[in-house]
Each structure stands twice: as C-alpha cells, then as structure tokens.
Amino acid sequence: MQTAAAQAPIAPVDLAAERAELGSALHEAVLRVLDSGKYVLGPEVEAFERAFAAHHGVAHGVGLATGTDALWLGLLALGVKPCDSVVTSPFTFFASAASIALIGATVRLADVDYDTALLDPVKAEAAIDARTTAVLPVHLYGQLADMRAFRALCDKRKLALLEDGAQAHGSTRDGYACGQLGDAGTFSFYVTKNLGAAGEGGIVLTQRADVAQALRQLRDHGSPTKYVHTRIGTNSRLQALQAAILNVKLPHLERWNARRRQLAARYERNFAGLDAVAPMKLAPGATHTYHQYTVRIRGERSREHVLAELAKQQIFAGVHYPSPVHLQEAARGWGYGPGDFPNAERLAREVLCLPVHPFLSDADVDRVSQAVRAAAGV
Ligand SMILES: *Cc1c(COP(=O)(O)O)cnc(C)c1O
C-alpha cells in the first residue's frame, strides 16, 4: 500500500503549473518590455489599467507599487487626514488597518460576522465617532462585504468609502464589483493573489475622476508635470514588467475563478452536515472567488492539531489569520484588548484555509477533505 507521506505535496499555490499553462506568452511579454525600454509607467501599464478597470465595470484604474500603497494612497486621495478616524475590520491582513495608522489617523475597529468573516455594517456604524471620515470594509477570502449597506451608511453619515479588494479580483455582490459602490476599491497583485504579478503590484479602481487624478499625482510625488510638486506624495508606480505579466494573465482570471468555485463546491459536499468542520458561509448575493476556501475547526481536536496532521501528509493549509488585528503588538496603542471583538478572536482560533488554487484536481480536493475529516475525528 502506498503510504500517505509518499503522495505528492498539495500547496496553497502552484506557480509552476500556472507558468506551464501560460506557455511562451509570459516570456514574450517580458521581452517586449525589455526591448521597448519603457520600464516605468508607459503603454503596458496604461493598457492594464484600462483592462482591469473595464473588467470590473469601473471608469478609472491607477496602477501602484503594492496593494498596501493602494490602501494608503487611496485613503489620502479620499482626503483622510491625521486628525481623522477610519472604521475597519479587526479580522484581515494587517495592511488594511496599518494603512490608516500610516497616515496618522485613528484606527476604529468593529467586529466581523462569524459566518462570513466580513465587517458587519451595523457594528461598523456603532464604531463611528466624531472624527470618523471614512469606512474601509475588507472583502475577505474572495467575497464582498455588504456594499449596498455600506454605501447607504456612508451616504447617510457623509463618509468616504474605500474597499479593500486585495482578495476579491472578479468578485461581485448584488451584481456590483469592488470599486463600483465605494468611492474607490483597492487590489493587490502580490504573487499569491487570484491575479498575481511576478513580484508586487497594486491598483485603485474608482468611478471618480477627481480621485483618479489625485492618485496619479500621489504615486508620482504630487507632480502633475516634471519638477512641479503640488502636494506631498510618494514614488509608487506599477512596474511595466509587472503590468505586461498581468496583461497576459487577466484574460484567464474568470476561468481560474470558475475553477476555484468548482473546487469549493466539492469541498462543500465533502463537509456537508459536519459541525466540527464548518465551512464559512456564502453571503447573500455574493459571487465568491475563493481566494481562500476556509473552514472553522471547532470540534474536540484543535485547529493546530489538524494543521499538523495535514502537514504530515504533505498537505499545506494556511491560517488567515492566526491573530486578530487588535491583539497584534503593533496595535498596542489603539485602545483595544482581548474580548473586544469576540467573533474575530474566535475565528483567529478556528479558521483553516484549505488549498483551492485552479490547478488542483477533484481527487486532490477529496484527498484534502478526507485528511481534514480524519484529523478532526469526524
Ligand atoms: C494582500 C493584502 C493586502 C496587501 O497587499 P500587498 O500587495 O501585499 O501590499 C491588503 N489587504 C488584504 C486583505 C490582503 O490580502
């Protein structure tokens, strides 16, 4: 009998399989940029900005160096100042909250929903204080927060609305994509995202011409023309080489996302009716793109036990995220402590993100599912 350890590893991403599928197109794109000599901004970046914005039904796209810069500069472009506060989620990659703190503004947190891990609009409203000027919902794991509720809230309270779509390329909710209902929506093209560069990249999508114009200046030291500086900005431009790679990959995004959905549906069937292995729930009206396929391990066996058992069988799951934002050392001065956001804290203990990239087979999903059930004892 074949032992489990002899089986091929199953990892959260398979960059080699993606490269093999794209064939020579990537090499040709990279050579095209090298031969053109246009390395900073230029036609590849402009083409990608147009294509990515059109893909999401948004008027403007501004390519930036990283997803973190997209959040930071996005908040600046929307007018957030050091004396302001911004409401966001305590259960996200740390960058969402850090972008607020980078400006010197106050981070106001509100708990997430336990079943979707998305910022709860009712709790977000309760977290608004006299200095709040913006709300920053995070589209965690590949499904959008309730943007119609956040739009209504921000209209009522006259607040800016920035969406963190770093995990939501191609996702929609109630038919709206990231960047359509918010004043702006941000994306990351870090290697492992659903659409990844060969390195780093980011973009802000916005329907507002004034916000797009502000961002074009902010990414270029506040400079509308050479050596004229009308505001303080930074150097944060999407590289032409990365844009060329993203131009090759973008036409495959919907097919890759559809494959992720198929794999997720198979996991759902394999875990149906279990309480100890409880998949996160689909939000109403959401088209999920499964940047992560996440279950909550909440039986007698701990998440750490399940993670270790999977690793023994060469199955490498992830934990996004093992600590909520407010319990990180860097957040010490923000005025929060243990017990403040019970859903975020419980999710940080329970979540396990199973491999779901588009190059997995159905048999891989079954192997992972069986290993999870065995390790969880159900
Ligand atoms: C990846 C990620 C970011 C940061 O993007 P970078 O390109 O790595 O800077 C921000 N928010 C969320 C939710 C992310 O997953």
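Select from segment 167-193 the residues that are closer than 14 Å to Arg260 by Cβ and out of contact with any Phe, Trp or Tyr (no Cβ under 7 Å at 6 or more places or on another chain) and write down the one among them that is nearest to the ligand (Cβ to nearest atom).
Restricting to residues being closer than 14 Å to Arg260 by Cβ and out of contact with any Phe, Trp or Tyr (no Cβ under 7 Å at 6 or more places or on another chain), the top hit is Lys193.
Could you say whether any residue in segment 121-142 is on the phi > 0 side of the Ramachandran plot, open to solvent by 20 Å² or more (accessible area, probe 1.4 Å), touching a residue at least 24 places away in the same chain (Cβ under 8 Å) and acidic (Asp, Glu)?
No, the conditions are met nowhere in segment 121-142.
Among all residue pairs at least 6 apart or on different chains, which show Cβ distances below 6 Å where the first residue, located in segment 84-106, is closer than 15 Å to Ala134 by Cα and the second is near the ligand (Cβ under 9 Å from one of its atoms) and of a type in the set (Gly, Ala, Ser)?
From segment 84-106, the pairs are Thr88/Ser96.
So which of Ala317, Ala272, Ala348 ends up being within 16 Å of the ligand (Cβ to nearest atom) and among the small types (Gly, Ala, Ser)?
Checking each option against the conditions leaves just Ala348.
Output yes when any residue across segment 233-256 is assigned to a strand (DSSP E or B) and open to solvent by less than 70 Å² (accessible area, probe 1.4 Å), and no when none is.
no
Return a yes/no flag: does segment 328-340 have any residue that is buried (at least 22 other Cβ atoms within 10 Å of the Cβ) and modelled with pLDDT of 95 or more.
Looking through segment 328-340, none of the residues is buried (at least 22 other Cβ atoms within 10 Å of the Cβ) and modelled with pLDDT of 95 or more.
Within segment 201-223, which residues are in contact with a helix residue (DSSP H, G or I) (Cβ under 7 Å, 6 or more places away or on another chain) and either of a type in the set (Gly, Ala, Ser) or open to solvent by 70 Å² or more (accessible area, probe 1.4 Å) (or both)?
Gly201, Gly202, Ala214, Ser223
Right, Val368: among the β-branched types (Val, Ile, Thr), under 21 Å from the mean Cα position of the chain (by Cα) and modelled with pLDDT of 95 or more or not?
Answer is no for this residue.
Which is within 16 Å of the ligand (Cβ to nearest atom) and open to solvent by 10 Å² or more (accessible area, probe 1.4 Å), of Ala98, Ala47, Ala51, Ala59?
None of the other options fit; the residue is Ala98.
Would it be correct to say that Ser369 is outside any helix (DSSP H, G or I) and of a type in the set (Ser, Thr, Tyr)?
Against the criterion (outside any helix (DSSP H, G or I) and of a type in the set (Ser, Thr, Tyr)), Ser369 does not qualify.
Provide a single number: the residues in segment 272-321 that are outside any loop (DSSP other than H, G, I, E, B) and not aromatic (Phe, Trp, Tyr).
The total comes to 21.
The values are calculated or read from the model by the stated rules, or taken from the named source; none is laboratory data. Every value quoted in this text rests on a predicted model; they were computed, and no experiment measured them. Every residue, glycine as well, gets a Cβ built from its backbone with ideal geometry; the counts of neighbours run over all protein chains shown. Only protein heavy atoms, including side chains, enter the accessible area calculation; ligands, DNA and RNA are left aside. Shrake-Rupley method; radii C 1.70, N 1.55, O 1.52, S 1.80 Å.
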